[in-house]
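The values are calculated or read from the model by the stated rules, or taken from the named source; none is laboratory data. Predicted model, so just to flag it, every value in this text is computed and none were measured. No Cβ is skipped: glycine too gets one built from the backbone with ideal geometry, and neighbour counts run over all protein chains shown. Please note that ligands, DNA and RNA were not included when accessible areas were found on the heavy atoms of the full protein model with its side chains. Shrake-Rupley method; radii C 1.70, N 1.55, O 1.52, S 1.80 Å.
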Amino acid sequence: MHRHEGHDACHTGVGDMLARAETICRERGLQFTPLRRDVMEAVAEAGKAQGAYDIAEKLSARGKRVAPVSVYRALDFLMEQGLVHRIASRNAFIPCPHGHAPGEGVVFLICRTCGVVDEASSKALEDGLDRTLKRAGFTPAHSILEVEGDCGACRERRQDS
């Protein structure tokens, strides 16, 4: 299993993530509107998975009221472009600072103690899931795997206490 750097622990690279989003939109002929940019920036800066209402509140605090429905539309766009991920069990969003190979499965590792969300991918896990789905005669539209447990840092803190 290949692990990507934890999203929640990483505050650096917000500028890089915004630049990547701008480049992707330009290359695909899509508009990276001010609202989409603001939502991307809010997700990237957050330091933790956050919901659309939290993002709307943060953006509204800057002076102009932003409706949650507008934030959801921007998040849908950002997810379609592979720039953010939705953590279904939390109905919250995290940035994705790197691209994934076509069809690459992603597993979200969610710490139940500190809330950190890490990301991993595994060809073996993906192959096993594909075989299971094929045996069941099931064709997925998409799949999201989330595993809740304890991250290494929280486990070490408990052992040290």
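When the chain is treated as a Gaussian network with alpha carbon springs shorter than 10 Å, the biggest mean-square fluctuation among PHE77, PHE108, PHE138 belongs to PHE138. Taking the Cα atoms of region 25-109, the ratio Rg/Rh between the radius of gyration and the Kirkwood radius comes to 0.97. The residues of region 26-69 have, on average, 63 Å² of accessible surface per residue, using a 1.4 Å probe with all protein chains present. Using a probe radius of 1.4 angstrom, the carbon and sulfur fraction of the accessible surface of the chain is 51%. Largest GNM mean-square fluctuation among THR132, THR23, THR33, using the chain with Cα springs under 10 Å: THR132. For Cα extents along the principal axes in Å, the candidate list reads (i) 49, 47, 26; (ii) 62, 34, 30; (iii) 43, 39, 31; the entry that matches the value derived from this model is (i). Given the options PHE93, ALA21, LEU35, identify the residue whose Cα lies farthest towards the positive end of the charge dipole of the chain (+1 on Cβ of Lys, Arg; -1 on Cβ of Asp, Glu). In the chain, that residue is LEU35.
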